[in-house]
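Derivation of every value follows stated rules applied to the coordinates shown; laboratory data play no part. Bear in mind the structure is a predicted one, so any value in this text is a computation, not a measurement. No Cβ is skipped: glycine too gets one built from the backbone with ideal geometry, and neighbour counts run over all protein chains shown.
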Amino acid sequence: MTAVEKQMHVAVLVFPGSNCDIDCYKAVEQTIGQPVEYVWHEASDLSKFDLILVPGGFSYGDYLRSGAIARFSPVMEEVRKAAEAGKFVLGICNGFQILLESGLLPGAMRRNNSLKFRCSPTTLEVTNNKTAFTHEYAAGEKIQIPIAHGEGNYYCDEETLARLEKNGQIVFKYSGENPNGSVADIAGLINERGNVLGMMPHPERAIDVLLGSEDGSRMFTSVLKAWRENAYGTAATASR
Amino acid sequence: MKATVYVTVKENVLDPQGKAVQGSLKTLGFDEVTEVRIGKYMELTLDTNDRAAAEERVRTMCEKLLANTVIEDYRFELKGE
């Protein structure tokens, strides 16, 4: 190991109504110990950050549709630029919904098919472990990550689904019971380039056995390692 | 001028709320209801008299924000001066 390792700068975005921002911040501190900052949704410069976390919550009260209003926050234009520049972006729960609304990931969310807010541990299957966010998991590994959402019923048309499958863009699937009715049991997906990932389950709430699971930790350690090694280019090249 | 905007879940997309309401209607004996689609109704007051321009602008509003065209359809009506 070299004497001084590069520091990865992490931003945790904060919208009015975000409520997982502190969890994300603490997860970064605890899992990878990298410099992390809260960034208000009105910020207009994210250029210093290498990883941008779009946390869960109820941005703008989820008015109109989940993520629909947050998507037009000034900071989201910067997230778009960062994604284009190849920076890492991880959207969790409401953060995933915002990434869908902003078009950084394909598809849309519907109400859970049960119409209930589902809040429980879930078992996920890692369906692509060749991404920057998941390379420390085994292929097909089953991991315990909690969910907490009322609108996680992912939808995309058949053409998009075929493309996602062909490119290995489906990163996590619900294993066993699908808690929301999502198409193809999708729990998380990545863009074609492999630098923008969205998922409904909360890895930041699964970073310590005291929380019931520490299976989420490896997402943070994976992305740090990928960033340091600059090793994981696109999801397309990593398809199964 | 007023615009009324209707947003509904697309025909080929499952509407979980509509399905639940249909189930409830069935329980109440309204067996003739074969489908329920739930949507949103919005009233916009526009500070303009230019109908053609308003139509164009409201369409853009729907495309950009008021509807998510991945899963929703929209239509709107313009009324008044």
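Below, the figures for the structure above:
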| read-out | value |
| --- | --- |
| Residues A:LEU211 and B:LEU44, FRET efficiency given R0 of 45 Å [Cβ-Cβ distance, rounded to 0.05] | 0.50 |
| Local electrostatic count, B:ASN49, Cβ distance below 15 Å [Lys/Arg +1, Asp/Glu -1] | -1 |
| Exposure proxy ranking, count of Cβ atoms within 10 Å, fewest first, for B:PHE76, A:PHE88 | B:PHE76, A:PHE88 |
| Relative exposure of B:THR34, B:THR48, judged by other C-beta atoms within 10 Å (fewest first) | B:THR34, B:THR48 |
| Sites A:GLU165 and B:LEU14, calculated FRET efficiency, Cβ-Cβ separation with R0 25 Å, nearest 0.05 | 0.80 |
| Neighbour-count order for B:PHE30, A:PHE220, fewest beta carbons within 10 angstrom listed first | B:PHE30, A:PHE220 |
| Projected area averaged over orientations for the range A:1-56, convex hull of C-alpha atoms, nm² | 4.2 |
| Gyration tensor (alpha-carbon) shape descriptor, chain A, a/c threshold 1.5 | rounded |
| Assigned charges on the beta-carbon of Lys, Arg, Asp, Glu; the protein assembly as shown dipole about Cα centre (debye) | 300 |
| For peptides A:111-117, A:123-129, sequence by mean Cβ density within 10 Å, most packed first | A:123-129, A:111-117 |
| Other-chain or far-sequence residues with amide H under 5 Å of A:THR122's (modelled H) | A:ILE145, A:ILE147 |
| Hz values of 3J(HN,Hα) by residue in the range A:40-49 - Karplus curve (6.51, -1.76, 1.60), Gly and Pro given as x | 5, 5, 8, 4, 10, 8, 10, 5, 7, 9 |
| Rounded Å value of the spacing that divides the Cα centres of the range A:15-73 and the range B:26-54 | 34 |
